[in-house]
Amino acid sequence: MDNSEQYIARRPTYESLANSIKDLLSHIAKSIKIEVHAIEGRAKTVDSFLEKTTRSGKSYKNAIEEITDLCGLRVILYYQEDVQKLSNELRAQFVIDETKSSDKRKELRLDQFGYISVHLVGKIDESRSKLVEWSQYKGLNFEIQVRTVLQHAWASISHALDYKSIVATPDQFRRQLSRIAGLLELSDEQFSELRAKKSSLEIEVQSSISNNDFNVTINAVSLVQYLESSKSASAVGSAVRNARLVVTGIHGSEHLSFLCERLDIKSLVKLDEILIAFVEKADVYFHRFASLCKSGDQPQSNIIGDLEHWCAVAVIASVVKNQESEVSNLSKEIGWDNSYMTKAILANA
């Protein structure tokens, strides 16, 4: 059997390996709390294999063993520090061949632009290969590329333009491409810096709330921390559950943030005062609200929202008056039905 016949016979195994590694990469990233934008995996096409093995200047004794990206995967992340964190974890999870792996971030000269990514060539380790579901992949190479969204954008667009290297790029375009590459690299750094600042702000707000200091300006970060830590918000959630309504995990603070701005609630002090007063009647209110919302045979448990949503309902019940124009405008702005907003107000009557 020649190289191409061997690969055609074994390609389904490489395709299966790509799918298995893809699922495993998702679990690995989740285990170390890395948010993933996308994971891609594939087995090299037969045409691509033939092109590589017949390319001028290339000679393979055993192409199946020597070509390391017959199974290729790509993990696209949001932050450059996560690229390093995940790469380190992959080195712990797999047997990585460092002689065939590369870090393109360290290979470019200061005056070069180009494709930045971490490439890891590896195999599954001995312990994993003993598992029934992994045994068929023992000894097979795979290549994992790890990069940020912006690094992926650069690689994709430069590939589409066919400007993969400085050598292949016309002189008149090099300066412009260098500037674009520099902007993308700077943007990656700025996003990481913003993430670090957000984390610092979260810690600061969390500390204030734990010390019962609510003199904090309302914004997306402070509201999420308040919802996660506040006794008043927690009491609202308990009342919602008592009424057989559903409280899901916190997905953000968009509605509550908008309401606070619209209703001139500028600090957590004011918001907490509103919720403290509301909590005294919260059980009665949410039973009444659930009854108003119930439609035909629809169970009350089908009325679902996260804690942010229910605190927004509490604020509306406490502050908004049942005036048609006010209800209509606010419903439209927040993205709720007029009838739902009206019921939120009437339940407090």
Are there any pairs with C-beta distances below 9 angstrom linking a residue in the range 318-344 that is in the same structural domain as Leu256 (by TED's automatic domain parsing) and within 19 Å of Ile265 (Cβ to Cβ) to a residue that is assigned to a loop (DSSP other than H, G, I, E, B) and among the basic types (Lys, Arg), with the two at least 6 apart or on different chains, and if so which?
Val327/Lys321
For helices (runs of 4 or more DSSP H) lying entirely in the range 164-257, having 1 or more residues that are among the basic types (Lys, Arg) picks out 171-210, 231-242
Just a yes or no: is a residue in the range 234-243 closer than 19 Å to Cys311 by Cβ, free of Cβ contacts under 8 Å to residues at least 40 places away in the same chain, among the aliphatic types (A, V, I, L, M) and surrounded by 12 or more Cβ atoms within 10 Å (Cβ to Cβ)?
no
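So which of Ala196, Ala220, Ala181, Ala153 ends up being closer than 30 Å to Lys104 by Cα and outside the structural domain of Glu98 (by TED's automatic domain parsing)?
Ala196
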Could we say that Ala38 is surrounded by fewer than 16 Cβ atoms within 10 Å (Cβ to Cβ), closer than 30 Å to Arg195 by Cβ and either of a type outside the set (Asp, Glu) or assigned by TED's automatic domain parsing to the domain that holds Gly139 (or both) here?
yes
Quick one: how many residues across the range 85-113 are at pLDDT below 95 and either under 22 Å from the mean Cα position of the chain (by Cα) or surrounded by 20 or more Cβ atoms within 10 Å (Cβ to Cβ) (or both)?
1
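The values are calculated or read from the model by the stated rules, or taken from the named source; none is laboratory data. Because the structure is a prediction, the values reported are computed rather than measured. Virtual Cβ from ideal backbone geometry, glycine too; neighbours counted across all protein chains shown.
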